[in-house]
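The values are calculated or read from the model by the stated rules, or taken from the named source; none is laboratory data. Note that the structure is a prediction, hence the values are computed from the model and not measured. Glycine also receives a Cβ, built like all others from the backbone with ideal geometry; neighbour counts cover every protein chain displayed. Ligands, DNA and RNA are stripped out before the accessible areas are found, and what is left, the full protein with its side chains, is counted by its heavy atoms. Shrake-Rupley method; radii C 1.70, N 1.55, O 1.52, S 1.80 Å.
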Amino acid sequence: MADRFGRNHQSGKGNLSFNTLNLVRLGIEYGTALGQRAEPDIDGFIAALDRYMGVALRGLLHRYEIQARQPAKASDFMMREGVWEGGEELSPDDEVRDLLKHGTLSIGFIGLAECMRALYGRHHGENAEVYAAAYEIIARMREFCDEAADEYDLNISLFATPAEGLAGKFTKVGRLQFGAIPGITDREYYTNSFHIPVYYRLPAAKKIELEAPFHALCNAGAISYVELDGNARNNSAAFMRIVQFALAKDIGYFSVNHPIDRCPACGYEGIIGDECPSCGAEESEVPMSRIRRVTGYLTGDYKTRFNLAKQAEVRDRVKHA
Ligand SMILES: [Zn+2]
């Protein structure tokens, strides 16, 4: 996508910074989950959403100003040797502003699913009307970003935050503040951006259909994935059909997750429980390698590389048939 200065390629620019909004908290405050009102206060919710997007935006602009005022010599490698496009023309004491303006400033969000439960008692995978309302919220966020981009003449965009850290951090704060509300704050993580919760059972095609329209709204980036069981590698035709369906629906970044375990004793690959079905090695003696995808990263030992919240999310994942 072209940036607002006409640059139409991906390299030589980057995402400068992003701030992420906690939609769950807004949902709880303006919803019905605490029994404080009979109907959700949607006008109050939207007003608060705009207010907090304003706070997020001011933070981004403040940081941008500090970054843009740096002289090119503060980082010769990044700013003068071709990592950022146009840097070769800068003198050591020139501001880097004209390079950085091609980067993006993004406002992200987490927990649309829990937010909808707090507002309407159901998430956007469970009900068509709730889905329409969820779409409206994210469309409003995109509109805010577009207006800000025009006002400040910068690439201000909407981001489906992967939230490796916030998934657990916001949830902990939410539980302290509001207690464990079923389906909202009672898990160890909030659901990634606009995703249908990983524990909700639905067909792969349905998950793709529901999530695809949000990709078009999130112009700073988004990912969707479906979970398949370990037999996916034996059914390449089904695998291809799912990928092609996702591409046809305009999913920007799509991934199919299927677990791969490997026994280091005999090299067996497949789904391994506590014991290798091939050589009988036990997990307690030989730690099995277990490859999983967590927010875009493939990891062989997600239990040490990711926080407890993301580990809990991996445990809760159901397969999409
Ligand atoms: Zn083995």
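What Cys residues in the chain are without a partner cysteine, judged by a Cβ distance under 4.7 Å?
Result for the chain is C115, C145, C218, no neighbouring Cys Cβ within the cutoff.
Please work out the C-alpha center-to-center distance from the range 70-101 to the range 116-193 and express it in whole Å.
The range 70-101 and the range 116-193 have Cα centres separated by 36 Å.
Excluding E269 itself, what net charge comes from residues whose Cβ is under 10 Å from its Cβ, given Lys and Arg +1 and Asp and Glu -1?
It works out to a net charge of +1.
Which of the listed residues, I184, L158, C145, is farthest toward the dipole's positive end in the range 1-222, when Lys, Arg count +1 and Asp, Glu count -1 at the beta-carbon?
Working it through, the farthest residue towards the positive pole turns out to be I184.
What are the ³J(HN,Hα) values, in whole Hz, obtained from phi via the Karplus relation 6.51 cos²θ - 1.76 cosθ + 1.60 with θ = phi - 60°, for each residue of the range 135-147 in sequence order, with x given for Gly and Pro?
Once θ is set to phi - 60°, the couplings for the range 135-147 become 4, 4, 4, 6, 4, 4, 5, 5, 4, 4, 5, 4, 5 Hz.
Calculate the dipole size of the range 1-222 relative to its Cα centre from +1 charges on Lys and Arg beta carbons and -1 charges on Asp and Glu beta carbons; express the result in debye to the nearest 20.
That gives the range 1-222 a dipole magnitude of about 860 debye.
Counting pairs on different chains as well as pairs 8 or more places apart, how many Lys pairs in the chain have Cα atoms under 30 Å apart?
So the count works out to 27.
On the protein heavy atoms, probe 1.4 angstrom, tell me the percent of accessible surface of the chain carried by carbon and sulfur.
Here it works out to 51 percent.
Once phi is turned into ³J(HN,Hα) by the Karplus curve 6.51 cos²θ - 1.76 cosθ + 1.60 with θ = phi - 60°, what whole-Hz value does each residue of the range 178-187 show in order, with x for glycine and proline?
Listing the rounded values in order: 10, x, 8, 8, x, x, 10, 10, 8, 9 Hz.
Tell me the Kirkwood hydrodynamic radius of the chain in angstroms, computed as one over the mean inverse distance between distinct C-alpha pairs.
21.7
Using only the heavy atoms of the protein chains and a 1.4 Å probe, how would H124, H258 rank by accessible area, largest first?
Final ranking, largest accessible area leading: H258, H124.
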